[in-house]
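Trainee: There's a structure below that I have some questions on.
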Amino acid sequence: MQTIKPGLTTLSDALDIAFAEVGIVQDVEQRPLDDCFGAVLRRDVIAKVAVPSVDNSAMDGYALRFADFANMTGAIDVIGSSMAGHPFEGTLPKGKAIRIATGAAIPNGADCVIIQENVSANADETIIEIRDDVIARTQLAQNIRRSGEDIKQGTVVLSSGRVLRPQDIAIAAGQGLGTLAVARPLSVAVFSTGDELAKPGDPLPPGGIYDSNRFAMIGMLRNIGCKVTDLGLLTDDFDVLRDALDSAAKTHDVIMTSGGVSVGRADLLKPVVDQLGEIHAWKLAIKPGKPLMRGKIGDCLVLGLPGNPVSVLVAGLLFAMPLLRHMMGADRSQTVPVRMPVRAGFDFKRGTGRREWLRARLVQNEDGAFEAIAFSSTSSGMLSSMVWADGLIEIPEDCGQVVVGDEVFYLPLRGLQ
């Protein structure tokens, strides 16, 4: 049984609540196919043509009548050809053959294809001979792809809510579609807070750090197709934050911030959102990423990510990006990360009560099996660990120890992005 620390909410519960409370943006746009990669499909794609559209040959060879094989002797006349896009006109007579190419329509009357390697032909391919052993093993409908074998007319080939991949766009193109109905991009305003932050390219003041979180957020948002407005760095000043959020909420679907969501004196984002709108959730039973806020100002969703760089990425990939894809109409199944069971190649001990993600890599051991190794530190301030990692190891709330050889769940970062 999971033991959760008091006052905290599990990630799965927080997502369930957020998915139920945050509505789907209803705006849909018709977008050209070549601009649909990564977009969320908002209307089913129903096949208007069968694929293949006609019975066609799976191989280069010769189309024949299977019934002719029972009495076949000697040479066979080749009376024509069927090429892709140039079918044979007419009906194949008994005892004759048609030269046929891969993908070409099966001539009327033909019901099997013998590949060219199993046929002896004269120089101009007008006469062929087929060995007895080849005839003996030839079957009815051999090397024929039936009409509708891949896609039947009238079937749903792409369901609404799918995040479109290259193969999805290709199947739409195969139906002759030039555009698809997809979710319009969410407009997201992004900023970081913290008087210690400096803009990359500017001189670094004493005790300061360069702002990296804003670029991580922008990258994650653009990766899922959002239209981003970069508001830059905002000071830890209540009035400055209030004015910026009030203005951005009027013109954006989402505001995403980094920092200012914990309980320190300079953590002002929560009280600002509380004054302008409402707070729905802000403490999760996760590590890294505990101080994560979800709120609302008018119709604008506000997401406050933590200030530590690893926390921004983990909370962003596991909570914020799934929620925003939900807003664009993605099916819930499209927002669930890939979890691969692998063997642990490390020892780890900790206190229970929060779900934790360790930065990890997959390596092959001497037996050729894959196992996960963890980064040497669990500090959420070490951004280099996310550059080193190619995935995350998930440690459940009630798990206090992992030893070498245990089965753990590995989440590839590619699957989260």
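Trainee: Checking I79 against (1) in a strand (DSSP E or B); (2) hydrophobic (A, V, I, L, M, F, W, C); (3) crowded, with 19+ Cβ neighbours inside 10 Å, which single condition isn't satisfied?
Mentor: Here I79 meets the rest and fails (3).
Trainee: Being more than 19 Å from D132 (Cβ to Cβ), touching a helix residue (DSSP H, G or I) at 6+ places or on another chain (Cβ under 8 Å) and either open to solvent by 70 Å² or more (accessible area, probe 1.4 Å) or of a type in the set (A, V, I, L, M) (or both) is the filter here; which residues of segment 82-115 pass it?
Mentor: K94 - this is the single residue of segment 82-115 that is more than 19 Å from D132 (Cβ to Cβ), touching a helix residue (DSSP H, G or I) at 6+ places or on another chain (Cβ under 8 Å) and either open to solvent by 70 Å² or more (accessible area, probe 1.4 Å) or of a type in the set (A, V, I, L, M) (or both).
Trainee: Scan segment 390-400 and tell me whether some residue there is in contact (Cβ under 8 Å) with a residue 60 or more places away in the chain, outside any helix (DSSP H, G or I), buried (at least 20 other Cβ atoms within 10 Å of the Cβ) and in contact with a Leu (Cβ under 7 Å, 6 or more places away or on another chain).
Mentor: Yes.
Trainee: Quick test of your reading of the structure: G351 fulfils all but one of (1) within 28 Å of I218 (Cβ to Cβ); (2) in contact (Cβ under 8 Å) with a residue 40 or more places away in the chain; (3) open to solvent by 10 Å² or more (accessible area, probe 1.4 Å). Name the failing condition by number.
Mentor: Going through the list (1) within 28 Å of I218 (Cβ to Cβ); (2) in contact (Cβ under 8 Å) with a residue 40 or more places away in the chain; (3) open to solvent by 10 Å² or more (accessible area, probe 1.4 Å), G351 breaks only (1).
Trainee: Consider only pairs whose beta carbons are under 9 Å apart and that are at least six residues apart or on different chains; among these, list those whose first residue lies in segment 404-417 and is on the phi < 0 side of the Ramachandran plot and whose second residue is of a type in the set (K, R) and open to solvent by 40 Å² or more (accessible area, probe 1.4 Å).
Mentor: V404/R343; D406/R343; E407/R343; V408/R343; F409/R339; Y410/R339; L411/R339; G415/R339
Trainee: Every residue in segment 298-348 that is crowded, with 21+ Cβ neighbours inside 10 Å and among the basic types (K, R), please.
Mentor: If the condition is that a residue be crowded, with 21+ Cβ neighbours inside 10 Å and among the basic types (K, R), then R325 is the only one that fits.
Trainee: Follow-up. What number goes with the only condition from (1) touching a residue at least 60 places away in the same chain (Cβ under 8 Å); (2) among the hydrophobic types (A, V, I, L, M, F, W, C); (3) in contact with a Gly (Cβ under 9 Å, 6 or more places away or on another chain) that V54 does not pass?
Mentor: Answer for V54: the failing condition is (3).
Trainee: Right, next: Do you know which of the residues in segment 371-389 that are among the hydroxyl-bearing types (S, T, Y) and surrounded by fewer than 16 Cβ atoms within 10 Å (Cβ to Cβ) is nearest to P291 (Cα to Cα)?
Mentor: The residue in question is S379.
Trainee: Oh, and also: Looking only at segment 351-379, how many residues end up being within 16 Å of L413 (Cβ to Cβ) and in a loop (DSSP other than H, G, I, E, B)? If you could, list the steps in order and put the result at the bottom.
Mentor: If we filter segment 351-379 for residues that are within 16 Å of L413 (Cβ to Cβ), which is where we start, we get 357-363, 370, 372-375.
Next, from what is left, pick out any that are in a loop (DSSP other than H, G, I, E, B): 375.
Residues that pass the stated criteria total 1.
Trainee: Quick one: which strands (runs of 3 or more DSSP E) sit completely within segment 116-207 and have at least 3 residues that are over 30 Å from R242 (Cα atoms) and either among the polar types (S, T, N, Q) or open to solvent by less than 60 Å² (accessible area, probe 1.4 Å) (or both)?
Mentor: Those strands (runs of 3 or more DSSP E) span 119-121, 179-183.
Trainee: Please pick out the residue among L241, L284, L245, L276 that is touching a residue at least 60 places away in the same chain (Cβ under 8 Å), hydrophobic (A, V, I, L, M, F, W, C) and either open to solvent by less than 50 Å² (accessible area, probe 1.4 Å) or over 17 Å from D211 (Cα atoms) (or both). Can you show your working first?
Mentor: On the way: L241 fails: touching a residue at least 60 places away in the same chain (Cβ under 8 Å); L245 fails: touching a residue at least 60 places away in the same chain (Cβ under 8 Å); L276 fails: touching a residue at least 60 places away in the same chain (Cβ under 8 Å).
Just one listed residue meets the conditions, L284.
The values are calculated or read from the model by the stated rules, or taken from the named source; none is laboratory data. Predicted model, so just to flag it, every value in this text is computed and none were measured. Every residue, glycine as well, gets a Cβ built from its backbone with ideal geometry; the counts of neighbours run over all protein chains shown. Keep in mind that these areas ignore ligands, DNA and RNA; they rest on the heavy atoms of the full protein, side chains included. Shrake-Rupley method; radii C 1.70, N 1.55, O 1.52, S 1.80 Å.
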